[in-house]
1. Once the dipole of the chain is set up with Lys and Arg at +1 and Asp and Glu at -1 on Cβ about the Cα centre, which of Gly114, Gly55, Ala69 lies farthest towards its positive end?
2. Classify region 53-200: rounded, prolate or oblate, from the alpha-carbon gyration tensor (a ≥ b ≥ c, eigenvalue square roots; a/c under 1.5 rounded; otherwise prolate if a/b is larger than b/c)?
3. Once you place label points 7 Å from the Cα toward the Cβ at Tyr189 and Thr93, how far apart are they in nm?
4. Given +1 on the Cβ of Lys and Arg, -1 on the Cβ of Asp and Glu, and no further charges, what dipole in debye does region 46-160 carry about its Cα centre, rounded to the nearest 20?
5. What does the accessible area of Phe21 come to, in Å² to the nearest 10, when a probe of 1.4 Å is used?
6. Rounded to the nearest 20 Debye, what is the dipole magnitude of the chain about its Cα centre when Lys and Arg each give +1 and Asp and Glu each give -1 at the C-beta?
7. Report the FRET efficiency, 1/(1 + (r/R0)^6), for Asp39 and Asn6, where r is their Cβ-Cβ distance and R0 is 22 Å, rounded to 0.05.
8. If you place +1 on the Cβ of every Lys and Arg and -1 on the Cβ of every Asp and Glu, how big does the dipole about the Cα centre of region 1-83 come out, in debye to the nearest 20?
Amino acid sequence: ITGPGNGIQLSDGPNVGRLIFPVYSYGSPSASMVIYSDDHGATWQRSANSVTNGGEIQVAELPGGQLIASCRDNGFSWSGVRTFSRSIDGGVTWGPPFTNTTNPPTIPDPGCQGNIYTLSTTNISNTNRLIHANAAHASSRVNLTLRISYDNGATWPVSNQVYAAGSAYSTITKLATGDVGLLFEKDPYGNLAYTWRSVS
């Protein structure tokens, strides 16, 4: 079981307080899943099922303690697009993988780690905003792009190209200012770059 990715703690729903860390088994086939703890990390359990053919995975919390996962393609029957899955029980089980969103129809992806992050704010109407980052190209690790969703990942209507040339793995965080901080591989793989974007 391997990463990369950052863990989260559920803040809502029946499993509030649960620690969740995204992992994947690297094999034939590979599979995306999480490990989770309900006792502050003393003991850990693995998802009862996994997203078969998924690779590096990142998860974000949705309202009610549900989860959405953004997965790398490690053998899906499709290619060139980002793959997602949802959990309604705090990561214990995962629904079937899917690539379709309403806007855009799919998110281009070359088979690379990506990142998804819940942007919590003091504005209650915006607590379910999601931020997504990936190399948004069907076959090459280029075009690092940030996207925002206002409907739990059904649509991603706003996008911002961070870097057009070589770009690969990334991680997102919320800054004290409320802006989005982004660390990413630039012109792979010898450089790490940091930038930030205003949500507005």
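1. Checked the options; the winner is Gly114.
2. Working: a/c = 1.68, a/b = 1.06, b/c = 1.58.
It comes out oblate by the Cα gyration axes.
3. 3.7
4. 120
5. Solvent-accessible area, nearest 10 Å²: 70 Å².
6. Values: 11 positive and 12 negative charges, 53 e Å.
Roughly 260 debye, rounded to the nearest 20.
7. 0.60
8. 180
The values are calculated or read from the model by the stated rules, or taken from the named source; none is laboratory data. Predicted model only: the values in this text are computed from it and were never measured. Methodologically, a virtual Cβ is constructed for each residue, glycine included, from the backbone with ideal geometry; neighbour enumeration extends over all protein chains shown. Accessible surface areas use protein heavy atoms only, side chains included; no ligands, DNA or RNA. Shrake-Rupley method; radii C 1.70, N 1.55, O 1.52, S 1.80 Å.
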